[in-house]
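K.L.:
Please find one structure pasted underneath; my questions will follow.
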Amino acid sequence: MDDKLTAQQIENLRKYEEDIENAAKREKFMEPIRKEGERRDAEIYELKQKICEIGKRLWQLGFVAGNDGNISVKYDNDTILTTPTGVSKGDMIPGRCERNSILEIFNDINYDPKNYLIRPSSEIKMHLRCYELRSDIGAVVHAHPPFATAFAAANIPLDNDILTEAVMLLGPVLVAPYATPGSDDVPEVIAPFIKEHNAVLLANHGALTVGADLDEAYYRMEVLEHVAKTTFITRLLGGGQAIPPEKVSELSELGMNFTMRKL
Ligand SMILES: [Zn+2]
């Protein structure tokens, strides 16, 4: 038998080598894209875990009951991660596609939550409005902590300058007018307050805090409830002594240099 290769066999070999070369080129082209995707997935997963952790803390502290409350974080200008509707904040998971999974949604206030298989909270528009109003906001927390919510229900602002932390970390916390939760009125009633403040009470409803990241938004909620509780006790004792006005501005300046973000 002649062991010379036929013209067809030579052509097949050439094609085979060309295929290998193309596969290598494709691999080289795809590698950075795949790595970028893996990096994004890992970062998003970490943020989802953080939302679950904060949800547990809100639930353990009694800041939410039943399915109350919602948390969100801005991953990038187009992407928001947020809590699903109808789930206890103490019972969420970072994974995908389960009823209690943290969701990835578009940063678009006109987006209809009904378009999602697993729906975000009906109050997501309130969060999206915060991101729209201020580019420095990276996370939003909404809860119903009992003392802060009591001040909201009584329509009493927390703006008496009687506690140093309140002045430094929150500034005056005012009460936004009543709006039905989940309605399009909510984003509008909170807007003037969030433009100027990092915390606001929602009349007959609860509280909303914002921050540069999840830690800061969450810690502001903790501080807000602590301030509300202490103010309540102070009132039972006959009312607090206000900090002298010149010292208030000193504290505000100190507060501006203070961060609750994880550095
Ligand atoms: Zn609520």
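K.L.:
Counting only helical runs of four or more DSSP H residues, what would the 222 nm mean residue ellipticity of the chain come to if each run contributes -39,500 (n - 2.57) and the total is spread over all its residues?
P.N.:
Numbers: 6 runs with 119 residues, N = 263.
When only DSSP H runs of four or more count, the value is -15500 deg cm²/dmol.
K.L.:
Put +1 on the Cβ of each Lys and Arg and -1 on the Cβ of each Asp and Glu in the chain; which of Ser252, Cys97, Tyr178 then has its Cα farthest toward the positive end of the dipole?
P.N.:
Looking along the dipole axis, the top candidate is Tyr178.
K.L.:
Three principal axis extents, largest first, for the C-alpha atoms of the range 74-123, in Å?
P.N.:
The Cα atoms of the range 74-123 stretch 27, 21, 18 Å along their principal axes.
K.L.:
A follow-up question, please. Of Ile243, Tyr116, Met126, whose Cα points farthest to the positive end of the dipole of the chain (charges on the beta-carbon: +1 Lys, Arg; -1 Asp, Glu; origin at the Cα centre)?
P.N.:
Of Ile243, Tyr116, Met126, it is Ile243.
K.L.:
Using Cα springs under 10 Å in a Gaussian network model of the chain, which residue among Thr82, Thr231, Thr180 shows the largest mean-square fluctuation?
P.N.:
Among Thr82, Thr231, Thr180, the largest mean-square fluctuation in the Gaussian network model of the chain belongs to Thr180.
K.L.:
For Thr234 and Arg99, calculate 0.36 nm times their separation in residues minus their Cα-Cα distance, and state this gained length in nm to one decimal. Spell out each step's value before the answer.
P.N.:
Working: separation 135, 0.36 × 135 = 48.60 nm, distance 4.28 nm.
Gain on extension, Thr234 to Arg99, equals 44.3 nm.
K.L.:
Now for a separate question. Might you report the magnitude of the Cβ-based charge dipole of the chain about its Cα centre, with Lys and Arg at +1 and Asp and Glu at -1, to the nearest 20 debye? All intermediate terms of the calculation are to be shown ahead of the outcome.
P.N.:
Numbers: 30 positive and 41 negative charges, 124 e Å.
Roughly 600 debye, rounded to the nearest 20.
K.L.:
Just going by the charge dipole of the chain, with Lys and Arg at +1 and Asp and Glu at -1 on Cβ, which of Ile10, Ile162, Leu47 is farthest out on the positive end?
P.N.:
Ile162
K.L.:
Can you tell me the Rg and the Dmax, both Å, for the Cα atoms in the range 52-256?
P.N.:
Just the Cα atoms of the range 52-256 yield Rg and Dmax of 16.8, 54 Å.
K.L.:
Moving on. Rounded to the nearest whole Å³, what is the per residue volume of the convex hull around the Cα atoms of the range 136-263? Please list the in-between numbers first.
P.N.:
On the way: hull volume 12.6 nm³, N = 128.
Cα-based convex hull of the range 136-263, divided per residue, equals 98 Å³.
K.L.:
Same structure, new question: For the chain, set up a Gaussian network in which alpha carbons nearer than 10 Å are linked by springs, and say which option among Ile190, Ile156, Ile124 fluctuates the most.
P.N.:
Looking only at Ile190, Ile156, Ile124, the biggest GNM fluctuation is shown by Ile156.
K.L.:
In degrees from 0 to 90, rounded to the nearest 10, what is the angle of the helix 185-196 Cα long axis to the longest principal axis of the chain?
P.N.:
Tilt of helix 185-196: around 80 degrees.
K.L.:
Still on this model: Could you give the dipole magnitude of the range 99-141 about its Cα centre, charging the beta-carbon of Lys and Arg +1 and that of Asp and Glu -1, in debye to the nearest 20? Spell out each step's value before the answer.
P.N.:
Details: 6 positive and 6 negative charges, 37 e Å.
Magnitude of the dipole: close to 180 debye.
K.L.:
Output wanted: per-residue J couplings in Hz (rounded whole) for the range 122-133, from phi through Karplus 6.51 cos²θ - 1.76 cosθ + 1.60, θ = phi - 60°, x for Gly and Pro.
P.N.:
5, 8, 4, 5, 4, 5, 4, 5, 4, 5, 5, 6
K.L.:
Now, a different point. Percent relative contact order of the chain, based on C-alpha pairs within less than 8 angstrom and at least six residues apart? Don't jump to the answer; show the numbers that get you there.
P.N.:
Working: 438 pairs, mean separation 42.7, N = 263.
RCO, the chain: 16 percent.
K.L.:
Still on this structure, please answer the following. With the radius of gyration and the Kirkwood radius both derived from the Cα set of the range 148-208, what is their ratio Rg to Rh? Let's see the in-between values first.
P.N.:
On the way: Rg = 11.4 Å, Rh = 11.7 Å.
For the range 148-208, the value is 0.98.
K.L.:
In terms of modelled amide H atoms, which long-range or inter-chain residues lie less than 5 Å from the amide H of Asn107?
P.N.:
Residues meeting the amide H criterion: Thr79, Ile80.
K.L.:
Continuing with the same structure: State to the nearest 20 debye the size of the charge dipole of the range 158-263 about its Cα centre, where the only charges are +1 on K and R beta carbons and -1 on D and E beta carbons. Walk me through the intermediate numbers first.
P.N.:
On the way: 7 positive and 15 negative charges, 52 e Å.
The calculation lands at about 260 debye.
K.L.:
Cut-off under 27 Å on the C-alpha distance; same-chain residues fewer than 8 positions from Lys50 excluded. Which lysines are left, in chain and number order?
P.N.:
Lys35, Lys74, Lys89, Lys114, Lys125, Lys195, Lys229, Lys262
K.L.:
So which trypsin sites (Lys or Arg not before Pro) in the range 88-117 end up in coil per DSSP with only 16 or fewer other C-beta atoms within 10 Å? Working shown, then result.
P.N.:
Details: sites: Lys89, Arg96, Arg99, Lys114; in loops: Lys89, Arg96, Arg99.
Those satisfying the criteria are Arg96, Arg99.
Read-outs: derived from the displayed coordinates by stated rules, not from any lab. These numbers were taken from a predicted model, which means no experiment stands behind them. Note: ideal-geometry Cβ built from the backbone for every residue, glycine included; neighbour counts use all protein chains shown.
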